[in-house]
Structures are given as C-alpha cells and as structure tokens.
1. Which of the residues that make up region 306-333 are under 21 Å from residue 261 (Cα atoms) and not in a strand (DSSP E or B)?
2. Filter region 135-147 for residues that are part of a helix (DSSP H, G or I) and open to solvent by 30 Å² or more (accessible area, probe 1.4 Å); which is nearest to the ligand (Cβ to nearest atom)?
3. Being open to solvent by less than 90 Å² (accessible area, probe 1.4 Å), over 23 Å from residue 129 (Cβ atoms) and not aliphatic (A, V, I, L, M) narrows it down to one residue among 182, 216, 232; which is it?
4. May I ask you to verify whether residue 150 is under 26 Å from residue 328 (Cβ atoms), at pLDDT 90 or above, more than 16 Å from the ligand (Cβ to nearest atom) and open to solvent by 40 Å² or more (accessible area, probe 1.4 Å)?
5. Residues that are out of contact with any helix residue (DSSP H, G or I) (no Cβ under 6 Å at 6 or more places or on another chain), basic (Lys, Arg) and farther than 19 Å from residue 255 by Cα: does region 314-326 have at least one?
6. Scan region 77-99 and report the pairs whose first residue is more than 30 Å from residue 117 (Cα to Cα) and open to solvent by 50 Å² or more (accessible area, probe 1.4 Å) and whose second residue is of a type in the set (Ser, Thr, Tyr) and away from the ligand (no atom under 13 Å from the Cβ), with Cβ atoms within less than 9 Å and a gap of 6+ or a chain change.
7. Please report, ordered by residue number, the helices (runs of 4 or more DSSP H) entirely within region 1-114 with at least 3 residues that are modelled with pLDDT under 75.
8. Kindly indicate the residue of region 272-294 that is polar (S, T, N, Q) and over 27 Å from the mean Cα position of the chain (by Cα) and also surrounded by the most Cβ atoms within 10 Å (Cβ to Cβ) among those meeting that condition.
Amino acid sequence: MELHISFLLLMGFIYALAILNLIPGVNFQAALLITLLFVTVVLHELGHSYLAQKYGIRIERIILLPIGGVSSMEDLPKEPGQELRISLAGPMVNFVIAFICYLLLLLLKGSYLGVSSFLSYFILVNLILGGFNLLPAYPMDGGRVLRAILAGRMSYIRATELAAGIGKYLAIIMAIVGIFYNFFLVFIALFIYIGAEQEYQAIMISNYLGGILVENIMSHEVKTVKPDDHVNDVLQTMYQERHMGYPVTDHEEIVGIVTFDDLSRLKKENLETPIKNFMTKELIFTSPQEPVTTALEKLNQHRVGRLPVIENGQLVGIISRTDIMRALEIRKT
Ligand code: ZN
C-alpha cells in the first residue's frame, strides 16, 4: 500500500494545525477526522482486495487517496460480474462498519460521551466515503459498476470509453458545483477527470498492444558510444542525430546508458572527460520476447524514453516510446 502525496500533505497540514493549536478545540476534531478518514480508506481498500484475491486476481499495489484508493490489479477481471462485486466490496465494508458502530452507539445510550462522539464521527466518515464512491463517475467504484453493467452488452473497451466519458462529465459538473459550495469538490473532480482519462488510456493501450512483442517493433540498428568517449563529442552527436540517449558498450558488452539529461547539466571543466563518469550504470532493459505492454510499463515507471533490448548479455536492439506509440497508431486504424 502506498500513500498518495496529496493524502500525506492533507494529513500533515491538519496535524500541523492541531499541534500549533491555532483554533483551539476544532483542531483536535480535525486531526481525529483525518485519522479516521485514513483508517476508513484503508478498510475500504482491503474490502476490494479481499474479494479480488478470492477471485484469484493479484493486486499489484494500492495507492491511498483522500477520496478512496486506486488498486492496480495485475490483470483485468475476466468477467464483468466479478468486477461488479469487487467494486461494490469497498463501499459495502464502509456501510457494514457504519452499521456496527451505530449498534454500538445504541448500546452505549449516551453514556461515555467521548466514545459516543468518536463513534458518530466514524459512522459519518464511513457513510460519506461509501456513498461518495458509489457515484457512477468512473474511475470511482460506482463508475466501475457502471462499466461492468455496460460490458455485458458491448466490448470491454467500448464500455470503458463510455464509463470514462460519463465520469468526465460528472467531474465537470462536480467542479462547477464545488466552486460555489465546497472547494474540496473541485479537488475531487480533478482526480476523477484525470483518473478517467488515464485509466481509459491504459486499457486502450493494453487492448491494442496485447500480443505484440518487443522484437516485433524494436529498432535493430543501434548507435552506441564508448565509455571513453568525451562528453563534448557525445553531446555533439546527440545534437546532430537528435537522439536523447545512447547505450554505452565496451567490446560488444553493454555497460551503461547515457542520456542528454546526464550530460547537458555538466560544468565546462567536465566537457573533456570520458562519459563513463556520468553515465547511468544501473541498467533498465527489456528482452526481445517481452510483451510491449511490459516494456511500456518500465518506460513509465523509470521515466525514461528508451530501453536497450538485451538477449544473452548482447545488445540486440532498442525500443523507444515513439516506437510503441507508432505501433499503437497503426493498430488503432
Ligand atoms: Zn473503492
């Protein structure tokens, strides 16, 4: 599980307010609320992942956002029915917790005031989070439910496109409402809009690029540089050929990769020194038999533009983001 930066900032901000005690009383409540929200989001996500694992779908990672979480599943649920139940599991956890807390609250009958108000807050947070996530705004849970229902009638891609489109419209409406009533809504709308677009892109890419291997689209001709080449000369080559990165090879063996970023920030006195001092030695590479979608994930994860293709320790090609996007364009038409 990962904590998204926005959640971390929000929690930090509220804790800081509480510790500095700028508005006495209220701040303790705010700190309590944000902590409860955190616990609630975690439980909500555990609901999704419990059911996903029961169906044999591995969850790669979960990113916690203030409005819920985003689970990246390794593969998509094969049946729309499974996705429907996995999506509903999160909000259901919240409703069950709210119900149990409500029963406890009834049992207490107003005694233990501190515990009672704690329970009331917890019920409130769970109801809001559970209810909010059921809005049919993809990629929120309700939007996923909508997609699962649509996917029973049309292709998965078309269903995602439709659900993402509806999600974006709802996000725009939410943002407009938010400007007048509650700024927090604008922030959530932004998450939904960007999320809808990103997830649609990811599904489209995995659909169109499915089955293509790195060797099908990589460039076989690879220009390389040597570890003892001077910074100045390699920079010159980069300007001339408009390539931003080169594998560095020593007697046919790949020893690193050097990019425009590595070299362009160097000071003048380094320009006449060998590039081996500045190249990236930690190699991220792919192999000819690897699916293109995996190669694209590596490019995105490490924020690089190209990957060397290595087979039995030998450099056999190079694959760039541009190569992949070109293949995608061809497949789409
Ligand atoms: Zn959820």
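1. Listed by number, the residues that qualify are 321, 322, 323.
2. 144
3. Being open to solvent by less than 90 Å² (accessible area, probe 1.4 Å), over 23 Å from residue 129 (Cβ atoms) and not aliphatic (A, V, I, L, M) holds for just one of 182, 216, 232, which is 232.
4. For residue 150, the condition - under 26 Å from residue 328 (Cβ atoms), at pLDDT 90 or above, more than 16 Å from the ligand (Cβ to nearest atom) and open to solvent by 40 Å² or more (accessible area, probe 1.4 Å) - is not met.
5. Within region 314-326, one or more residues are out of contact with any helix residue (DSSP H, G or I) (no Cβ under 6 Å at 6 or more places or on another chain), basic (Lys, Arg) and farther than 19 Å from residue 255 by Cα.
6. 78/55; 79/55; 85/55
7. Counting at least 3 such residues, we get 5-20, 26-54.
8. Per the stated criteria, the residue is 273.
The values are calculated or read from the model by the stated rules, or taken from the named source; none is laboratory data. As the structure is a prediction and not an experimental result, all values here were calculated from the model. FYI the Cβ positions are ideal-geometry reconstructions off the backbone, even for glycines, and counts take in every protein chain you see. Side chains included, ligands, DNA and RNA excluded: accessible areas come from the protein's heavy atoms. Shrake-Rupley method; radii C 1.70, N 1.55, O 1.52, S 1.80 Å.
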